[in-house]
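Below is one structure, written out as structure tokens; the observations come after it.
Since every read-out is calculated from the coordinates, none of them should be taken as a lab result. The model shown is predicted, which means the values in this text are computed figures rather than measured ones. Neighbour counts are summed over all protein chains in view; Cβ atoms, including those assigned to glycine, are modelled from backbone coordinates with ideal geometry.
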Amino acid sequence: MSNRLRMNWVDLFIIIFISGVAIICLVPFLYMIALSLSSNNAIISQKVSLWPVEFTIETYKTILSDIEMIYTLGYTIVLTIIYTIFCMFLTICAAYPLTKKRLKGRNFLLTVMVITMYFSGGLIPSYLLVKNLDLINSVWSLILPGAMSVFNVIILKTFFSSLPESLEESASIDGCNDLGILMRIVLPLSLPCIATLSLFYAVDRWNGFQDALFYITNKNLYPIQLKLYQIITANQQLDTQQGEGSVGAFIVPESLKAASVMFATVPILVVYPKLQKYFVEGVMTGAIKG
């Protein structure tokens, strides 16, 4: 009985701890929502905390009326989809052969790949490489440099290695080649892992900012995060200029910043629950076929 009571206290502590961490992560998000839905007067008076004051959606109307912002959002969605598909293709092509013992030099290839996780050429060589490949102001400059994560390759390789070898042997006896085994056996059983890595790649591209800042100067190729950076920078300059002028002309940019952040954050938040449901379906598929 004492052990059971002790376990209940441990479970209670874990629940409280995780809930506290979740609240800490949620507070800044709620604050940004409150700012984006509050009036300028409430923001100037510093009345806004975690709940909107003098509720208004004028800031969102301003953003949605900006054709460039809508275009940037659609462009970033397409870019993220293409990037995720391309990255997963390369990751699968790298991970699956590394699970085969008959691949000569497998350990050497894996060692070389792991070395790149700890050492890199740096920012300047990376920029010079992209420039010499004539990728400046090209969509490919946002895709090729980070097209494959060695960490994700190792994760997928480990998952592939955990699948029963008897399944591949049976398919091989039935006349299936390596490509057929990969497409018909391995990938359907690996849906949960593939979905997880796809989410990693999608979030990485969606939040990507630094590469676009270095490689892109054409405004038509700005991803959403760089567009958001331009909006915040422009409003900070406007804030400074108006702060030096008359108080009556003062415009609060905080609500516009917050609304822009929410505008860039909500799409990826909408995708995650659907992908989480896909996780469950992938696990069930793997369990039934396994």
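Please sort 162-175, 209-222 by packing, taking for each peptide the average over its residues of neighbouring beta carbons within 10 angstrom, highest first.
Ranking the peptides 162-175, 209-222 by packing returns 209-222, 162-175.
Given a Förster distance of 35 Å, report the FRET efficiency between THR62 and PHE17 from their Cβ-Cβ distance, rounded to the nearest 0.05.
Step by step, r from the Cβ atoms, then E = 0.30.
Determine, from the Cβ-Cβ distance of ASN132 and ASN107 and an R0 of 35 Å, the FRET efficiency 1/(1 + (r/R0)^6), rounded to the nearest 0.05.
That pair, ASN132 with ASN107, gives E of 0.65.
Are any of the pairs LYS101/LYS157; LYS100/LYS274; LYS47/LYS227; LYS131/LYS157 more than 22 Å apart by Cα-Cα distance, and if so, which?
Table pairs above 22 Å Cα-Cα are LYS100/LYS274; LYS47/LYS227; LYS131/LYS157.
At a Förster distance of 45 Å, what's the computed FRET efficiency of ASN8 paired with TYR229, Cβ-Cβ distance as r, to 0.05?
0.40
Can you give me the three principal axis dimensions of the chain from its C-alpha atoms, in Å, biggest first?
81, 70, 34
Within region 124-152, what residues put their amide N at less than 18 Å from the label point 7 Å along the Cα-to-Cβ vector of VAL271?
Residues 139-149, 152 fall inside that zone.
If you build the Cα gyration tensor of region 53-120 and take the root of 5 times each eigenvalue, what three semi-axes come out, in whole angstrom, biggest first?
Listed largest to smallest, the semi-axes of region 53-120 are 47, 14, 10 Å.
Work out the length of the dipole vector of the chain about its Cα centre, built from +1 on the beta-carbon of each Lys and Arg and -1 on the beta-carbon of each Asp and Glu, and round it to the nearest 20 debye.
780
By Kyte-Doolittle mean hydropathy of at least -0.5 and Cα axial length of at least 24 Å, which whole DSSP H helices of the chain are selected?
2-36, 67-98, 254-289
What ranking, highest mean first, results for peptides 199-208, 41-50, 24-33 when packing means the other Cβ atoms within 10 Å averaged over each residue?
199-208, 41-50, 24-33
Apply the Kirkwood formula to region 1-155: the hydrodynamic radius equals the inverse of the mean of 1/r over all pairs of different alpha-carbon atoms; give it in Å with one decimal.
One over the average 1/r among Cα pairs gives 21.5 Å for region 1-155.
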